[in-house]
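Report on one structure; see the data block that follows.
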Amino acid sequence: MALNKLMLSWILLLAPALLVAQDTSTIVSTFKQKNIDTTGQKDLIDVFRTVFKPKTKRNDIKLDQKEDKVYFSFLPTASALPSGGGKMFVTSTTASFYMGNEQTTNISNISFTPYFNLNGRFGLPLRSSVWLNDNKWYIAGDTRFLVYPQDTWGLGGGTPESARMRVDYKYIRFYQSLLRRIKPYFFAGVGYNLDYHMRIKTNHDAPELDDASGYIFGTAQGQNSFSSGVTVNLLYDTRNNSINPLPGCYANLVYRYNSTLLGSTRPWSSLYADVRKYIALDETKPSRQNTLAFWTYFWTTLDRGTPYLSLPAVGWDFYNTSGRGLEQNRYRGQALWYTEAEYRRSITRNGLLGFVLFANVTTVNEPDTRQFNYFHPAAGGGLRIKVNKASNTNIAIDYGMSKGFSSIRFGLGEAF
């Protein structure tokens, strides 16, 4: 299928970032600027020590520190499900560590966020982002097992609230990719993606998904949908901490092809383009947050045959963080365009407390015309509490709202 004009514009947008090259000495000096001395900063670990006064000592992390350490962050909480269904109970654990010289190697992290609720939803997601010494190799992983009843509204941006219906299914995801540094900050590699949606069905008193959505792929009652494919990945990343990015930029382009030779129910392909930019408004105080962050991504299928539950949908980006203020899955189509801006600011000088203000817009194309006719805005704000200053990890509490909907989200790290 021919690429549409919007997708071409995205490729052109990515190209300048992917062609940037610097020498190795520039990488080292840049990382030295980004690794912030935490002296004078406080987090919840310091607060705990002040209140309970344990005997063990804690060393602040400084630029010349060489010890190998793992920095853990932990958050047990309960919050509303992003797409309805009542309360859910979440335990989020993040482990951050360096796999090489801290001056020339990004911080790696692994997160495990099991959750469940009393309405039948259960999830075991495990994500990893690992940078090897001197950033020569980057390994990314996303493994999930979900029991995931969820509401859906069909295809297109103009679906009414009355089109809501519950779809029940089980889901296994296994994504792995390996990228090699080609030039400073620029990586290329391949990966493998597997999506297995099992026993897809609607409630007995509701229409079947294929009738309600008008879409014939992956919607038959009780059907299993298996997608197995290879990916080609291009990455440009000047950040050194994906948990709480410092000023820099990020651009990621992923082409995926699913083949029946690898077990896919049907062959299909997709393209995912993601661009993020972080601008420091006060570079004289790098330890204090005062940053503008921008994020936009375009996600599209390239041919017929993509299963319904694998189509682009808000809240189903790679990290499930888009659409704050919207219900996850609320808008689904064969192509999706998402844009968000956020202002991040420290409240206290020691970095313990901060806040964010954000706004986003989502649009998906219409199933008949393939045009982007509806744009859905959302906005909100959030509180940040520093839980671990060594890894710069925050507890994020965000309130978002849009027309007819509002929600509170809890998490570790920033939305993007």
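The values are calculated or read from the model by the stated rules, or taken from the named source; none is laboratory data. As the structure is a computational prediction, the values presented were derived from the model and not from experiment. All Cβ positions, glycine included, derive from the backbone under ideal geometry; neighbour counts span all protein chains shown. In case anyone asks, the SASA skips ligands and DNA or RNA and just uses the protein heavy atoms, side chains included. Shrake-Rupley method; radii C 1.70, N 1.55, O 1.52, S 1.80 Å.
The table below gives the values:
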quantity	calculated
Residues that are open to solvent by less than 10 Å² (accessible area, probe 1.4 Å) and not in a strand (DSSP E or B), drawn from the range 186-217	L209
Which listed residue, of L155, L132, L124, is open to solvent by 20 Å² or more (accessible area, probe 1.4 Å), at pLDDT below 95 and not aromatic (F, W, Y)	L124
Number of positions in the range 328-348 that are touching a residue at least 40 places away in the same chain (Cβ under 8 Å), in contact with a strand residue (DSSP E or B) (Cβ under 6 Å, 6 or more places away or on another chain) and open to solvent by 20 Å² or more (accessible area, probe 1.4 Å)	7
Residue check, L271 modelled with pLDDT of 95 or more, open to solvent by 10 Å² or more (accessible area, probe 1.4 Å), within 17 Å of the chain's Cα centre (by Cα) and under 22 Å from L155 (Cβ atoms)	yes
Index of the failed condition, F112 passing every other in (1) open to solvent by 50 Å² or more (accessible area, probe 1.4 Å); (2) more than 25 Å from Q176 (Cα to Cα); (3) touching a strand residue (DSSP E or B) at 6+ places or on another chain (Cβ under 8 Å)	(2)
Residue in the range 233-240 that is surrounded by fewer than 18 Cβ atoms within 10 Å (Cβ to Cβ), of a type outside the set (D, E, K, R) and over 14 Å from the mean Cα position of the chain (by Cα) present	no
Members of the range 398-415 that are buried (at least 16 other Cβ atoms within 10 Å of the Cβ) and modelled with pLDDT under 95	S407, R409, F410, G411, L412, G413, E414, A415
Residues that are closer than 12 Å to V314 by Cα and either hydrophobic (A, V, I, L, M, F, W, C) or open to solvent by 60 Å² or more (accessible area, probe 1.4 Å) (or both), drawn from the range 349-374	V361, V364
Residue in the range 165-176 that is in contact with a Lys or Arg (Cβ under 6 Å, 6 or more places away or on another chain), open to solvent by 50 Å² or more (accessible area, probe 1.4 Å) and farther than 21 Å from Y308 by Cα present	no
